[in-house]
Every structure is written in C-alpha cells, then in structure tokens.
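Below: the structure, in structure tokens.
Derivation of every value follows stated rules applied to the coordinates shown; laboratory data play no part. Because the structure is a prediction, the values reported are computed rather than measured. A quick note on method: Cβ atoms are made from the backbone with ideal geometry, for glycine too, and the neighbour counts reach across all protein chains shown.
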C-alpha cells in the first residue's frame, strides 16, 4: 500500500480494509508510510496493528513520532510498547525524549532493565556500549544440544538474535560462542563445549562504533559480543544495527569532507534554513582564510603589475594544487576510516606521497611546459616559472593532503575535516608564495 | 599469533606448535596472516590446517594466493577445496583465474553446480545475480516444524545461511520466508505455512549491488532472496557478502569524488606507479580545463591591467565558488547512493539549492562587503563588484553542483564523478566571466 492509497482509504473511512492491508506489510515499510502522517492519524492506524507488529513499527518510527505516540497513548498501551521494545531501542528512546516521557518509560520497563538503564546511559555516544543490547542467548558449557535448544525455544522470541549464542561461566566470563547453525545440525546429546568455538572476537564497551563496524565487515559476523575489562559478557551488537551505523558514519564523512556540519536528516527532509546553517560556517571560515591569498597577491602587486600575463596562470596553478591535495587527503581519510591506514603509518604515507608527487608533478609540468611554449607561445622564462611552480605546488599539496588527516587522527579529531576545502585553502596560499618567489628570481622582477 | 611469531616458529621448524596455534585462529585472521608469505610457505602451513578450516581460509585468501594454491596442490587436495567451497566463492574464483585453473575447478565441482556456472557467469558484474549463492534452505508450506528442523539438520552445514529459510511451491515460485528463530521457538507440530511471512522483500538478478545494499540497510535482514521475472527463487544474498560490497562501493565513491580511478587495493599495498596512473588522468584533464580560465583572464587583460587590485580577490572568489559547489554535489551524490534522492527529484533539488544559494550568498557577500569597506578600505565600487560576484558565484556553484550529479545518474554514469574537482573547474570559469562583466559595468573600464 502506498501513501496515496492510504490517504484515500482514510478519507473514505474504509478502516477494515486498512487494517487488513497494513497487517500484511513489513514493519519498516509501515513505519515509513505512517511517519509523514499527522499524530492523530498515525495513532488511529497504529492502534489497528496487531500487538507484535505495533512494537516493531514503533521501533522504526522517527524520534518525533515515537514521542508523539508515547504522549498520546493510554498507560496500558504505553506499558505494552515499553515491555516489548528491545533494550537498545528503549535506551535510544530514553536518550532523546523529554523527562516526562522518560518517567513513563521507566515506570513500565521491566525491573531488571530499569537497573541497567542508568549504566547504559553512561556509555559514551557512538561507543559499542551505546549500541549494544542485553537481549542475547547465553549458554553454559555443560548443556547438551537438546537442553540448549529448549533454552533457546524459551528465550528466543525476546532475544534480539538467537543465531549466535554465547557460552559463559558462572562469573559471566565469556568462554566461547556457538552458532545456532551448529546447534541445529548437531546430534541431541552432544555437549555445547564440544561445539563451541573459543577464538572469541569481541569489542569492549568503550570501543568506537567505527571500530565495531570494521570488525563486522572484516569477519562477516551476524552478532558481536561486548565485554568489560574483565572479559565478562555485557551485551551484544547485531549486524542490522551496525549496518545503520555504517551508513550514517559514511554519510557523516561525506558531509564533513564537503565542508558541512553533519546531520542525520535526509537532504530532502531538511529545511532550507537548516541546510544554510550547516553549510555557512565552513564557507565563512574558508572565505576569510582565502583572503590571505589575496594579501599575498597584494604584497607581490609589483610583480603582477610588471607582468599581467602571470595572473592568467593563477587559476590553473590553484586548481591543480587543490585537486592534487584532495586526492591525497580523501584517500587517506577513507583508509583511516576502514582501518587500512593507521596513525603509525605517517612516515610511509609521506614517503609514498612524496614519490607520487614528484612523478605526477614532473609529468604535469612537462605537459604544461610544452603547451605554454608551443601552443600559447609564451616566453621560455615564464614557461619555466609556471612549470617549476606546478611541480612545487603538487609536491606541497600531496604532502599536506597526506599528513593532515593523520595529524587530525592523532589529535582525536575526525580526519574528514582535513579534506579538499581546507587543503585547497592552505595549498593556494603556499602555491602563490612559491609562484611569486620563482617569478621574481626567473624574470628578475 | 602474529606475523613475527609465525616467522620465528617457521625458522625454528617448530611445526607442531604452529599447527596447534593456527587451528585455534579465526579463518579471516589466518588468511590475513598467511597472505603476505611466499607461495611455498603458505602451502606448507595451509596443509597443516584441519580440512574444514582450510576451505574457509582459502575463501578469504587474495585472488593471487588462491591461484597460487590451486596451481600447487595435488588433484585430491584441489577436489577437496572445490567441493567444499560455497558456490558464490567458486564463481568469484572462476571469474578471475586463468583458463587452466578454471578447467581444474570445473573438473572437481559438483555436477549440479557445473551446469549453473555458465548461467552465473552471464550475470552483469556488480549485479545481484553475480553476488548470490545457490546454497540456501528451501522448505514447503506443508512441512511441520519437526520436519523442517530435520531438513535443516541435513542440509544446514552446506548452506550459506540457515537463518532465513525460503518457502517455495513446486514450480520454485517464492511464497514466503520463515526465520530459523521462529522455527526453533515454535511447537513441533505447527505447519510452516502458519509460521511463514508472506510480505516478501526480494531483489531481481539484474538489480545493481548498490540497490541490494540499500535494501539490506533499510530492513536489517541477514539474507535476501533473489528472484527471476516469474518470481521464482534463483538464489540468496547473505549479509556478510553485502557488507563487503557496501564498503567497496563507498571506497569507490570516495576515490571517484577525489578524482582518482577506483581500485580495490588498499592504499599502502598499491605501488607508487599505480597510484600515479590512477591520479594523473583527472589531474591532466582538470589542468588543461583550468587553462580556459586563463584564457578568460587574457581576454579581460585590459580590465586587470587597469585595476590590479581586482586580481587579488580572484582566489577568494574561486575558492568560495568551489567550496559552495562541492558542498552541494557531494551531498547530492551521497543522497543518490543511499536512495534518499532520486532522479525525479531534480526540480526539488534545484529549487532547494536556489534558496540555499541566495541565503548563503547574501550572508557571505554581506560579511565580505563590510570587511572590504571597513577593514581593507577599498573603493565602494570595488566592494560592490566583489560582493555581487560572490552572490552570483555561490548561486552558479550550488545550481551546477546540485544538478550535475542528477544528470550523470540520468545518463547512467556514476554521479560521483560530478564531485568537487570537476565542479570547481566549471564554476571557476563562470565566476571569472561574471566578475569581469560586473567589473566592467561598475568601474566603467
């Protein structure tokens, strides 16, 4: 059912038809369908949903809709939603909603959950701790396959995943894991300790979500255990949650690389004024910085006045410098994000960029020299000046572009801010200084 | 065990110790550990692995190592590897290796697989068909939970995932799906048709892998069915395979946005000369294009000569234009990639960028006007010229940056090529023309 059909059916008050149509839909599509509707209509349709589906749809609503629903529903309905919500979704909700809703949520949360809420709220934002859920299946070594299956049957529907079960000792120390695939394909009387794998790959509560995403991508797991300093199992992170995180992290990197403040809203849903606010700060900073290049030109005004032709090569030099620097910085930023490059690789990166810059710079300068001399037919001294500057600019750009993201990482800043726009501004200024110094020397100005 | 320990143990010929250490490791880590070793040492250690683990490690080797191993092993060993390899891994191998290895692989492939190989090799690169595997669990509606579990127990170890089982009719038409979680938590005598869900979300064999990745992220599935035109189940794609694809797609977008040819090798592993070859084409194209801006300046040389001060604002105008355009194009490129923006949104995007540009442009120009008049103390006509040009430049940049990625998508090109570098070059030329025309009018030159 699409939005238009739904609106028509609502207008015609064909509620029975709506009820039978929506019960067939996937919870994600349903949440998407209801999200743009006004609070009252959403509530009307939300109440038609079977109880299980309603909670799943609720978990996929936007934060505004969730708050709207929580404010509008009866206490009994609120209790039903909260009790069936997975713990990580509940934590997400608590982190965002106003205090009166938080009280409502805590009132209806299960006793064991309420105690954990405070602990979870204390994990740093974007850490493994803030992503994990407590609803996992834990087994012990001495269980048989039959006993394990009986346990899974009992707790399976309230666990976020049953596909990886975790084996813990009496102190909750993680001893191994076993996939449900292994359990269902094994004979009934085999012991879990003979099925489990003990090459545990885990993350700790304070690990950054980007680290967690890279572990998932590398090993192809459906779930990952989160442990504390004493290797005790605290929670798990499931692959569906981390895929959202990966997409958001990448979008954030794109936004920062483009020089805008990161936002989680989609482009079309963000109001114009908000987009202006996201984009303006960097544009202002970079505009003011770019006036320094103007100052440099003013200082060398005599050189420019003596040979106006020199100014016509400035755009080409600036653009080539900017592009060379962006290439290096963007690839290093991505390498850092996926874990291909580490901070300690600084010297390797610089040496590599140095060699690339010399090769690329000499080729570009060569092409440029030939073009200037034989097509544009400029004076050979000018051709040499421009071509030498080109080599120096490419070299500067690639070294600056290669090292700044690593420095940002070292300073615990997001390397993505060291992308094209900033590099371009820095390289422009350096390129102009080099250009005028070489011009003065070569042309005797 | 790390690389250094392994090398020491090899040198000391402590093979028993190596054997017991590697058997404990995760297959991904093992493949990573062995990959840099020479072919002979890899083979030596590869042969120490338990048979099951060996095949898993093989699947995670780089293509070069896989070919090396296939060339070096005995026929019996090759047969063992090929028979246990998942079908999608086998297809990947066949697509890359030389003909003599292909023959070896086909010789040892299972009969039913051999017939399918040709069909699979015909799916377009980067399509759902080229990603999928045929090793899934299919059930029929009339089975009981007990019968279904017995079937899963039988085929589970040779299926790439057992966590989503697909319900098909006698013509292989997909009727629904049921999660293993539902099966293991249900009573033994319940029928699959009462457990299964029929709101099927599927992709078709020709769908692009980016589309497939977006479906996974949206719905949070662990597997997705691939169907043909008649809704018959052809294969499945699992979440671990799609996570690799997502990471590669994003890295490719980053590379193209930075103006380099996409490559699958990591930065540190790519030779300098290869990196130069990846980066040089765009640098050359953009350098030559940037000379057009030089030509424009030559045409207006009289204006520049009459007022050299005008040249000092060119870097600021060019940079602000480039940054404004990059912001728009990068966000649109990302929006297209994640499916937030579609081709049909062209008019909405242009209208949004127009309003953003006017707001941002006027604010930037205002700041700039005040700075020029009161700090730099330039002539009011020059301040007006520069500020008006700034508004026009931001407007041009945002419209060009907003629309070019959509045009690329329409032309079935990768929108990512319409990123910063290209936009900057186009906007530079337009900005200069506007600048000189306004200057001529305002300053009467």
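Looking only at other chains, what is the average number of their beta-carbon atoms within 10 angstrom of each beta-carbon in A:275-283?
6
For B:214-221, what's the mean count of beta carbons from other chains sitting within 10 Å of each residue's beta carbon? Provide the component values of the computation, followed by the final result.
Values: counts 1, 1, 4, 6, 8, 7, 10, 5.
Average neighbour count from other chains, rounded to a whole number: 5.
Counting partner chain Cβ atoms within 10 Å of every residue's Cβ in A:180-188, what's the average?
Average neighbour count from other chains, rounded to a whole number: 5.
Between residue B:381 and the same site in the other copies, what are the distances in nm, shortest first, taking label points 7 Å from Cα along the C-beta direction?
3.4
Which length gain, in nm to one decimal place, applies between residue A:64 and residue A:114 when the Cα-Cα distance is subtracted from 0.36 nm times their residue separation? Intermediate values should be presented prior to the final figure.
Values: separation 50, 0.36 × 50 = 18.00 nm, distance 2.32 nm.
Stretched fully, the residue A:64-residue A:114 segment lengthens by 15.7 nm.
For residue A:140 and residue A:208 in the same chain, what is the full-extension length gain: residue separation times 0.36 nm, less their Cα-Cα distance, in nm? If you can, show how the numbers build up before the last one.
On the way: separation 68, 0.36 × 68 = 24.48 nm, distance 2.94 nm.
Between residue A:140 and residue A:208, full extension yields an extra 21.5 nm.
In whole Å, what are the extents of the range B:103-145 along the principal axes defined by its C-alpha atoms, from largest to smallest?
42, 26, 11
Over chain A, what is the relative contact order in whole percent, taking alpha-carbon pairs under 8 Å and six or more residues apart?
Relative contact order comes out at 11 percent.
Just want to confirm a number: the relative contact order over the range B:139-237, from Cα pairs under 8 angstrom separated by 6+ residues, in percent. Please list the in-between numbers first.
Numbers: 144 pairs, mean separation 27.4, N = 99.
Relative contact order of the range B:139-237: 28 percent.
Only bridges with both residues in the protein assembly as shown count here: give the DSSP antiparallel percent, nearest 5.
Just about 80 percent of them are antiparallel.
When a footprinting reagent is the concern and you count Cβ atoms within 10 Å, what order do B:374, B:177 take, fewest first?
B:374, B:177
Explain nothing, just the number: relative contact order of the range A:3-122, from Cα pairs under 8 Å at least 6 residues apart, as a whole percent.
Once normalised by length, the contact order is 20 percent.
Which residues does a label at residue A:285 reach in the range B:305-330, if reach means a backbone N under 12 Å from a point 7 Å past the Cα toward the Cβ?
none
Would you work out if chain B is rounded, prolate or oblate? Take a ≥ b ≥ c from the square roots of the eigenvalues of the alpha-carbon gyration tensor; rounded if a/c is under 1.5, else prolate when a/b is larger than b/c, oblate otherwise.
Since a/c reaches 1.5 and a/b is larger than b/c, the shape of chain B is classed as prolate.
Write down Rg/Rh for the protein assembly as shown, rounded to two decimals, with Rg from the C-alpha atoms and Rh from the Kirkwood relation over Cα pairs.
Computed over Cα atoms, the ratio is 1.01.
Using the basic label-point model (7 angstrom from Cα toward the beta carbon), what is the residue A:3 to residue A:344 distance in nanometres?
Between residue A:3 and residue A:344, the simple spin-label model gives 5.2 nm.
If I model a spin label as a point 7 Å beyond the Cα along the Cα-Cβ vector, how far apart are those points for residue A:413 and residue A:307 in nm?
For residue A:413 paired with residue A:307, the spin-label model returns 3.7 nm.
Could you pull the copy-to-copy label distances for residue B:173, with points set 7 Å along Cα to Cβ, in nm to one decimal and sorted shortest first?
5.8
Suppose we keep just the DSSP beta bridges with both residues in the range A:122-205; what percent of those would be antiparallel, to 5?
80
Divide by every residue of chain B the summed helix terms, -39500 (n - 2.57) for each DSSP H run of at least 4, and state the resulting mean residue ellipticity at 222 nm, rounded to the nearest 500 deg cm²/dmol.
Using -39500 (n - 2.57) per qualifying helix, the result is -20500 deg cm²/dmol.
Could you check the spin-label model distance between residue B:155 and residue B:95? Points 7 Å from the Cα along Cα→Cβ, value in nm.
For the pair residue B:155/residue B:95, the computed spacing is 2.5 nm.
Let me see the pair-distance distribution of the range B:81-210: every alpha carbon pair, 10 Å bin width, integer percents in order.
Calculated P(r), rounded to whole percents: 12, 36, 31, 18, 4, 0.
So if we plug the beta-carbon distance of residue A:198 and residue A:20 into 1/(1 + (r/R0)^6) with R0 = 41 Å, what FRET efficiency do we get, rounded to 0.05? Walk me through the numbers before you get to the answer.
Details: r = 50 Å, r/R0 = 1.22.
The value I calculate is 0.25.
Put a point 7 Å out from Cα along the line to Cβ at residue B:299; what are the distances to that point in the other copies, in nm, shortest first?
Here residue B:299 shows inter-copy label distances of 3.4 nm.
Inverting the mean 1/r over all pairs of different Cα atoms, compute the Kirkwood radius of the range A:138-237 and quote it in Å.
Numbers: mean 1/r = 0.0718 Å⁻¹.
Every distinct Cα pair counted, the radius reaches 13.9 Å.
With just the Cα atoms defining each centre, how far is the range B:184-257 from the range B:267-306? Give it in Å.
43
To check you understand DSSP bridge types, tell me what percent of the beta bridges within chain B (both residues inside) are antiparallel, rounded to 5. Spell out each step's value before the answer.
Working: 15 of 19 bridges.
For chain B, the DSSP antiparallel bridge percentage is about 80.
When you count, for each residue, the other Cβ atoms within 10 Å and take the mean per peptide, how do A:228-234, B:221-227 rank with the highest first?
Ranked from most to least packed, the peptides come out as B:221-227, A:228-234.
Can you tell me how the range A:266-374 classifies by the Cα gyration tensor, rounded, prolate or oblate, using a/c under 1.5 as the rounded cut?
Oblate.
When A:189, B:379, B:88 are ordered from fewest to most other Cβ atoms inside 10 Å of their Cβ, what list results?
Taking fewest neighbouring Cβ atoms as first place, the list is A:189, B:379, B:88.
What is the fewest-to-most order of A:14, B:4 by other Cβ atoms lying within 10 Å of their Cβ?
B:4, A:14
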